[in-house]
1. Within the range 234-248, identify whether any single residue is part of a loop (DSSP other than H, G, I, E, B), within 18 Å of the chain's Cα centre (by Cα), assigned by TED's automatic domain parsing to the domain that holds ASN198 and at pLDDT 90 or above, and answer yes or no.
2. Name the one entry in VAL297, VAL269, VAL286 that is touching a residue at least 40 places away in the same chain (Cβ under 8 Å), touching a helix residue (DSSP H, G or I) at 6+ places or on another chain (Cβ under 6 Å) and either outside any loop (DSSP other than H, G, I, E, B) or β-branched (Val, Ile, Thr) (or both).
3. Among (1) more than 17 Å from the chain's Cα centre (by Cα); (2) within 18 Å of LEU186 (Cα to Cα); (3) in contact (Cβ under 8 Å) with a residue 12 or more places away in the chain, where does LYS304 come up short?
4. For the range 180-215, name all the residues that are surrounded by 21 or more Cβ atoms within 10 Å (Cβ to Cβ) and in a strand (DSSP E or B).
5. In the range 9-27, how many residues are part of a helix (DSSP H, G or I) and not acidic (Asp, Glu)?
6. Determine the pairs where a residue that is within 15 Å of ASP218 (Cβ to Cβ), located within the range 239-262, has a partner that is in a loop (DSSP other than H, G, I, E, B) and small (Gly, Ala, Ser) with Cβ atoms under 9 Å apart, the partner being 6 or more residues away or on another chain.
7. Return the pair list, or none, for Cβ contacts closer than 8 Å from residues in the range 193-210 that are within 16 Å of SER26 (Cα to Cα) to residues that are in a helix (DSSP H, G or I) and at pLDDT 85 or above, at least 6 apart or on different chains.
8. Restricted to the range 217-255, and to residues that are of a type in the set (Lys, Arg) and closer than 27 Å to LYS109 by Cα, which residue is surrounded by the fewest Cβ atoms within 10 Å (Cβ to Cβ)?
Amino acid sequence: MKQFDTNKFINLALNVLKENPKKAMSVREIWAYAIKKDWIKEIGTNAKTPIQNLGAEMYMDHKNLFERVGSNPARFVKKGTAVNYKILEDEPESSVNKKKRTYNAEERKLHPKLAKFIYTKFLAYPKTIYHETSDKKGRGEGKWLHPDMVAVKFPFVEWNNKELTTELSKELGCFPLKFLSFELKLELKNGTEEFKENFFQAVSNSSWANEGYIVAPDIDEDDQLFLSELQRLSTLYGIGVIKLEPDDPTNSKILFPAFTKENIDLSTVDKLSNKNPDFELFIKQVNADCNKKDFKVDISFYDKEIE
C-alpha cells in the first residue's frame, strides 16, 4: 500500500477503491476492507468516530475525488468511473431501506408540530414540500435539493399601518420578505453514521433561503463534546439547530441560531420550483398573498398547526 500523505483518511479510501475497481463501496465497507488489510494502523488516528470522519470528508470536502453511486447506503467510486456501475435500485429492499422509509413516515408525523413552532416563534407561514412529487430526472439529487418544510414571513403581519408602510417599502424596493427552510430528522446524536450527512443535507437544501435550520426532537444535550461539534458546524455553515418538543411545540427551542442572509438564491428557487410542484405552488401563493389589498394571508394554503 502507498504511503499516506497529510490527508490519511482520503488516501485510505482511494487505496481501498483502487483495489476494488469493479465495486462501489459504502463508507463502512471501505473501513471494513481497510481493517481486513490491516491498513488502519498506518493512519495513526486518535479520532473517536473515524468512520464518521471519513464519511464527512468524502461527502463534502473531496467531491473532486469521489462519486456517489446509489443510496441507502450511499456507495462511492473514484471520480470519473461511475459510468461503469449500475445504481443498486433493482435489488430487494433491505432492512436499512425499510427503516429509512419508516423514519420518513415518522418524520412526517412531526410536521404539524413543527408548523406550530414556526407560527409561534417566527410568525411565519409553513408549507411541507413532498419530495415524491418532484420531477424524477436527476435521480438522487432531490435529497440534497428539497427541504422538508419551507416558510415565509410577511412583513406586513407586524405592521400597524399596513397599507401605507407596504406601499412605501415597495416603492423603496425593500419589501422585506423572509424565507425559512427546515430539514427535519428524528434524532441528532454523536456516533450515528447519519449525523454529519444529515447536517450537510440541511446545508445543501437550505442554501437558497434567508435562514436554514435542521430540526430534531431527539438531541442529546448532555453530550457536551457532541454539542460543541454541532455548534461548530452551525457557526461554520450558518445552519440553525432546533430541538423540537413534540408534546408542546411552543416549548421547542433554538439551540443555535441560523445566520441570516440578506438575499435569497433566486437561481435555486427557480430550479426548485421547476422540479417540485409543491414548491412552485408555495412561491405562487407567496406572490398572491403579497399583492392582496386586504393584507389577509390565505391561511388555508399553508400547513395546519397541531390541534
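The values are calculated or read from the model by the stated rules, or taken from the named source; none is laboratory data. Here the structure is a predicted model, which means the values were calculated and not measured. When we count neighbours, we look across all protein chains shown, and the Cβ atoms used for this are built from the backbone with ideal geometry, even at glycine.
1. Residues of the range 234-248 part of a loop (DSSP other than H, G, I, E, B): 238, 244-248.
Next, only the ones that are within 18 Å of the chain's Cα centre (by Cα) stay: 238, 244.
Checking the rest, the ones that are also assigned by TED's automatic domain parsing to the domain that holds ASN198 come to 238, 244.
Restricting the remaining residues to those that are at pLDDT 90 or above gives 238, 244.
Looking through the range 234-248, at least one residue is part of a loop (DSSP other than H, G, I, E, B), within 18 Å of the chain's Cα centre (by Cα), assigned by TED's automatic domain parsing to the domain that holds ASN198 and at pLDDT 90 or above.
2. Values: VAL269 fails: touching a helix residue (DSSP H, G or I) at 6+ places or on another chain (Cβ under 6 Å); VAL286 fails: touching a helix residue (DSSP H, G or I) at 6+ places or on another chain (Cβ under 6 Å).
Of VAL297, VAL269, VAL286, the one residue that is touching a residue at least 40 places away in the same chain (Cβ under 8 Å), touching a helix residue (DSSP H, G or I) at 6+ places or on another chain (Cβ under 6 Å) and either outside any loop (DSSP other than H, G, I, E, B) or β-branched (Val, Ile, Thr) (or both) is VAL297.
3. Going through (1) more than 17 Å from the chain's Cα centre (by Cα); (2) within 18 Å of LEU186 (Cα to Cα); (3) in contact (Cβ under 8 Å) with a residue 12 or more places away in the chain one by one, LYS304 breaks only (2).
4. LEU180, SER181, PHE182, GLU183, LEU184, LEU188, GLU211, GLY212, TYR213, ILE214, VAL215
5. The initial filter retains those residues of the range 9-27 that are part of a helix (DSSP H, G or I), namely 9-19, 27.
Now restrict to residues that are not acidic (Asp, Glu): 9-18, 27.
Total satisfying the criteria: 11.
6. Pairs found: VAL241/ALA258; ILE242/SER252; LYS243/SER252; LEU244/SER252; GLU245/SER252; PRO246/SER252.
7. LYS196/LEU233
8. Going through the range 217-255, the residues of a type in the set (Lys, Arg) turn out to be 232, 243, 253.
Next cut, closer than 27 Å to LYS109 by Cα only: 243, 253.
Working: LYS243: 16, LYS253: 12.
Per the stated criteria, the residue is LYS253.
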